[in-house]
Structure formats: C-alpha cells, structure tokens
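First comes the structure, then the notes that go with it.
The values are calculated or read from the model by the stated rules, or taken from the named source; none is laboratory data. Everything numeric in this text was worked out from a predicted model, so none of it was measured. Cβ sites come from the backbone with ideal geometry, for glycine too, and all protein chains shown count toward neighbours.
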Amino acid sequence: METVKFHVPNISCGHCVMTIKREAGELEGVSSVEGDPAIKDVQIAFSPPATPEGIKALLQEIGYPAA
C-alpha cells in the first residue's frame, strides 16, 4: 500500500473534504482518504489498480485540482 499527499488549494471547508473523500473513495484500490481544510492537504492511501496519476486526474475532474 502506498500513500500520496496532495496540496489542494480549492479546499475551503469540511464539505470540500467530504466531497473528495466520497469521490476518491469510490476509486478501486483506494483504502482511505483524509483531508485538512486548514492546510488544504489531502492524504490518500491506495493499492493498485489506483495510481497517483489517476487520483490526481480525479481531483481535477471533480473541481479540486492538486497544486
């Protein structure tokens, strides 16, 4: 299992984090999603078939692009 951390400037509140958790949690291979709106970071634990590139693409698609 790997963990990737992204800085996501568009996070402004807990609802943003919940949206990211819901959407990223549906990706096959993603086991946990944690976010902190205060520092605008998201940490995602995953195994294949999920990839950092795929997770980053999903964040972009749902309106929370990683910096």
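If the requirement is being aliphatic (A, V, I, L, M), modelled with pLDDT of 95 or more and in a helix (DSSP H, G or I), which of these qualifies: ALA38, ALA24, ALA66?
Answer to the selection: ALA24.
Could we say that LYS5 is modelled with pLDDT of 95 or more, of a type in the set (Lys, Arg) and assigned to a strand (DSSP E or B) here?
In short, yes.
Output yes when any residue across segment 44-63 is at pLDDT 95 or above, at positive phi, part of a loop (DSSP other than H, G, I, E, B) and buried (at least 17 other Cβ atoms within 10 Å of the Cβ), and no when none is.
Among the residues of segment 44-63, not one is at pLDDT 95 or above, at positive phi, part of a loop (DSSP other than H, G, I, E, B) and buried (at least 17 other Cβ atoms within 10 Å of the Cβ), which makes the answer no.
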